[in-house]
1. Extension gain residue 170-residue 85, at 0.36 nm per residue separation less the Cα-Cα distance, in nm?
2. How high is the FRET efficiency between residue 212 and residue 283 when r is their beta carbon distance and R₀ equals 30 Å, given to the nearest 0.05?
3. Remind me, relative contact order of segment 138-277 in percent, using alpha carbon pairs under 8 angstrom and six or more residues apart?
4. Can you work out the PRE-style zone for residue 250? Point 7 Å along Cα to Cβ, and I want the residues of segment 148-167 with backbone N under 13 Å.
5. Report the full-extension gain for the segment residue 205 to residue 261: residue separation times 0.36 nm, less the Cα-Cα distance, to one decimal in nm.
6. Could you tell me how far the Cα centroid of segment 227-277 sits from the Cα centroid of segment 81-126, in Å?
7. Suppose we keep just the DSSP beta bridges with both residues in the chain; what percent of those would be antiparallel, to 5?
8. Run the numbers for residue 68 and residue 150: contour at 0.36 nm per residue of separation, minus the present Cα-Cα distance, in nm.
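Bear in mind that the values in this text are calculations on the coordinates, not laboratory data. Note that the structure is predicted; figures quoted are calculated from it, not measured. Cβ atoms come from the backbone with ideal geometry, glycine included; neighbour counts cover every protein chain shown.
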Ligand code: GYE
């Protein structure tokens, strides 16, 4: 793959250097060149998303320039600038945070290259700096997590539940909206009390650190852990066990994503509920890129259909998750 990418970049470089930047109608020319800036590899969700985009680009015969920003916004901005310099047909990116994109997006607009947001959204001065968003409804995911908890509280007959929240990357769309949806939905139910929200940056190691801190501070007062992704949940679980508690029994564990490893842990009973967030956005991205290249209209927002997996269901027949 790397070798193929390298050759492609070399070919493009030669074309630019020889003053032939304009695409020539050659038999070997790909139908569409898509530049995609992935934000990092922080989770199995992200790795699944990267693989899906690569696989779908190959399936659709779309030439993909993929760059991984390793969790740094400045790397993403640099990648977008390279895509503009290479005059790709379409730029797509998964913005690590919501703010700080206006300048580079204005450059893309001036170059006449349409921009598609994948997975997360941004805040801009003007909405016309990008064409559309393909990603999950994170607010609804937060609402679904809260609705599971309300049902669980009924089932347990509890009149009081202390909640701790481990959130994703600060200022990212899933962090903001998963928090907001959850808080809005539990508001007004006086059984629910949030002790503290801490930032785990969507990382397993940070999930463990956050959990250690929360256990030291609140110990057995914690009834519920709401974690914004599976990775942080999997970091937190061993900490809970080491502190002498049984996750899934002494503490209700709610997670988001639904990768295979977490689903297996849910089946073991150590996680109570996982709200699905699918990383399989590649096909919609390829369809969108082709439509943009051909000047067809695209829908401004596309959300994948998502489910909730929990200890309320029989999950024995659930198909392999693929991420
Ligand atoms: O939930 C998390 C990943 O933006 C939906 O980012 C994505 C989130 C996903 O790191 O695992």
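1. Values: separation 85, 0.36 × 85 = 30.60 nm, distance 3.05 nm.
Going from the current span to full extension adds 27.5 nm.
2. Details: r = 40 Å, r/R0 = 1.34.
Efficiency, from the Cβ-Cβ distance: 0.15.
3. Numbers: 272 pairs, mean separation 34.9, N = 140.
The normalised contact order for segment 138-277 reaches 25 percent.
4. Nothing falls inside the zone, counting backbone N under 13 Å.
5. Values: separation 56, 0.36 × 56 = 20.16 nm, distance 1.62 nm.
18.5 nm is the gain from fully extending residue 205 to residue 261.
6. 35
7. Numbers: 3 of 40 bridges.
Rounded to the nearest five, the antiparallel share is 10 percent.
8. Working: separation 82, 0.36 × 82 = 29.52 nm, distance 3.89 nm.
Separation in residues times 0.36 nm, less the Cα-Cα distance, equals 25.6 nm.
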